[in-house]
Amino acid sequence: MEKYLDLKNATDYSKLENAGKIIKNGGLVLFPTETVYGLGANGLDEKAVKKIYIAKGRKQDNPLILHISDFDMLSKIAKNISEIEYTLMKTFWPGPFTIILNRTEIVPNMVTGGLDTVGVRMPSGKIANQLISYAGVPIAAPSANISGRPSGTNILDIFDELSDKVDYIIDGGECEVGVESSVVRVVNGIPNILRPGKISPEDIEKVVGTVKIDEHILKNINDNEKVLSPGMKYRHYAPKSNCLLVYSEDNEKMISKINELAKQYSNPLIISCNENFARYSIKNKIMYGSKENLNEIAKNIFTDLRKVDSFHPDIVIIEGVKKDGIGLAIMNRLIRACEYHYIKI
Ligand code: TXA
Ligand code: MG
């Protein structure tokens, strides 16, 4: 059987029926969503879900998101849903929004890492949505990458690390958003943002008023600290090279600080916005998009982080962005990629 399905320019998704069967029968499928690629398995099949952890090398206490294609599936996996949780789902689904809900008995422990909650998302990506419909079961899917590596936003970036670990590969081209979904849990009637994404605190505020941004989004976590989401604890998105994040609201100050830092190394690499690119007169540079278009930076950031090691730099200096809208998600990923080495001026 051919293992690779090219749907990059497709308008007809009926070929996904076969992939749906593979999921239903316990196989692993690499598939695109609007955020990042997912490594999917039948979310109600404990054995199939276990294969995901093995393929990624993921810690078993880090729970997975269940992806659904309609509200009928929701009622099977989640219970005691509050008014405000419904409002959030109806507003942001289908889309890059994950909500943590009380789970039902049929959700395997393997999915939730033993928690009594489950993360649920209804993706808007057409391929993902069709695939879930054909599978007829919720699909458990983490981002498609070996644990600790940047998430995969196109097949080329992840082919070498995952292709021989899956039963089927669906190529949908580049993911539209580029960073993973916003993860939200409602606590005492207030949405807490556990992982920022394209659906921003401002977007959520407009719908329900007060929003809380979890303090760990931009802060390191001590070993003994309790967190609302296990994923916050783990090393993420980090290249092998030593990375440093630098940001100032004053663009000129940021540029001079980065130039001054770069001089202290023999083979620095700078990742900057298009507008500042020419201001760094060193050999190794990557442009991550326009600072006037944070959606573009979000879309490119993981692919760019994957490129840095090939330069063998002794330091990677990355420009930060303003934290508005999707900017908070970009900063959250960059701070982790830099393992909290962050200079704010
Ligand atoms: O955009 C996305 O969300 C992508 C695509 C494939 O849908 N998926 C994704 O999954 O990013 P993953 O496994 O890489 O990240 C899921 C995050 C983790 O940080 C995990 O700890 C958190 O969601 N999470 C999942 N279930 C949870 C739960 N019951 N309680 C708290 N956090 C949970
Ligand atoms: Mg991930």
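The values are calculated or read from the model by the stated rules, or taken from the named source; none is laboratory data. These figures come from a predicted structure and were not determined experimentally. Cβ: placed from backbone, ideal geometry, glycine included. Neighbour counts: every protein chain shown. Heavy atoms of the whole protein, side chains included, go into the accessibility calculation; ligands, DNA and RNA do not. Shrake-Rupley method; radii C 1.70, N 1.55, O 1.52, S 1.80 Å.
Quick grid of which residues meet (1) more than 22 Å from the chain's Cα centre (by Cα); (2) hydroxyl-bearing (Ser, Thr, Tyr); (3) closer than 18 Å to Ser182 by Cβ:
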residue: Glu2; (1), (2), (3): yes, no, no
residue: Gly20; (1), (2), (3): yes, no, no
residue: Thr33; (1), (2), (3): no, yes, yes
residue: Glu46; (1), (2), (3): yes, no, no
residue: Ala55; (1), (2), (3): no, no, no
residue: Asn62; (1), (2), (3): no, no, yes
residue: Gly95; (1), (2), (3): no, no, yes
residue: Thr98; (1), (2), (3): no, yes, yes
- Could you check how many residues of the range 192-231 are away from ligand 2 (no atom under 16 Å from the Cβ), touching a strand residue (DSSP E or B) at 6+ places or on another chain (Cβ under 8 Å) and among the aliphatic types (A, V, I, L, M)? 7
- Query: Here are some residues: Ala298, Ala238. Which one is open to solvent by less than 10 Å² (accessible area, probe 1.4 Å), in a loop (DSSP other than H, G, I, E, B) and among the hydrophobic types (A, V, I, L, M, F, W, C)?
  - Reply: Ala238
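Could you tell me which of the residues Leu228, Leu245 is in contact (Cβ under 8 Å) with a residue 24 or more places away in the chain and away from ligand 1 (no atom under 12 Å from the Cβ)?
Testing whether each residue is in contact (Cβ under 8 Å) with a residue 24 or more places away in the chain and away from ligand 1 (no atom under 12 Å from the Cβ) leaves just Leu245.
Which count do you get for residues in the range 288-320 that are hydrophobic (A, V, I, L, M, F, W, C) and over 18 Å from the mean Cα position of the chain (by Cα)?
Pass one, the range 288-320, residues hydrophobic (A, V, I, L, M, F, W, C): 294, 297-298, 301-302, 305, 308, 311, 315-318.
Filter once more, keeping what is over 18 Å from the mean Cα position of the chain (by Cα): 308, 311, 315-318.
Number satisfying all stated conditions: 6.
Looking only at the range 301-322, how many residues end up being assigned to a loop (DSSP other than H, G, I, E, B) and under 16 Å from Gly289 (Cα atoms)? Let's see the steps before the verdict.
Taking the range 301-322 as the starting set, the residues that turn out to be assigned to a loop (DSSP other than H, G, I, E, B) are 312-314, 320-322.
Adding the requirement that they be under 16 Å from Gly289 (Cα atoms) leaves 320-322.
The number of residues fulfilling the criteria is 3.
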- Somewhere in the range 100-109, is a residue farther than 23 Å from Val177 by Cβ, among the aliphatic types (A, V, I, L, M) and either modelled with pLDDT of 95 or more or near ligand 1 (Cβ under 9 Å from one of its atoms) (or both)? yes
- Message: Would you confirm, using the coordinates I've provided, whether Val186 is open to solvent by less than 20 Å² (accessible area, probe 1.4 Å) and either touching a residue at least 24 places away in the same chain (Cβ under 8 Å) or within 18 Å of the chain's Cα centre (by Cα) (or both)?
- Response: no
- Conditions (1) open to solvent by less than 40 Å² (accessible area, probe 1.4 Å); (2) touching an Asp or Glu at 6+ places or on another chain (Cβ under 9 Å) -> Pro201 fails only (2)
- Listed residues Leu162, Leu131, Leu156, Leu115; which is within 11 Å of ligand 1 (Cβ to nearest atom), at negative phi and not assigned by TED's automatic domain parsing to the domain that holds Ile297? Leu115
- Query: Among the numbered criteria (1) buried (at least 24 other Cβ atoms within 10 Å of the Cβ); (2) in a strand (DSSP E or B), which single criterion is violated by Gly178?
  - Reply: (2)
- Answer yes if at least one residue in the range 258-271 is more than 16 Å from ligand 1 (Cβ to nearest atom) and acidic (Asp, Glu), and no otherwise. yes
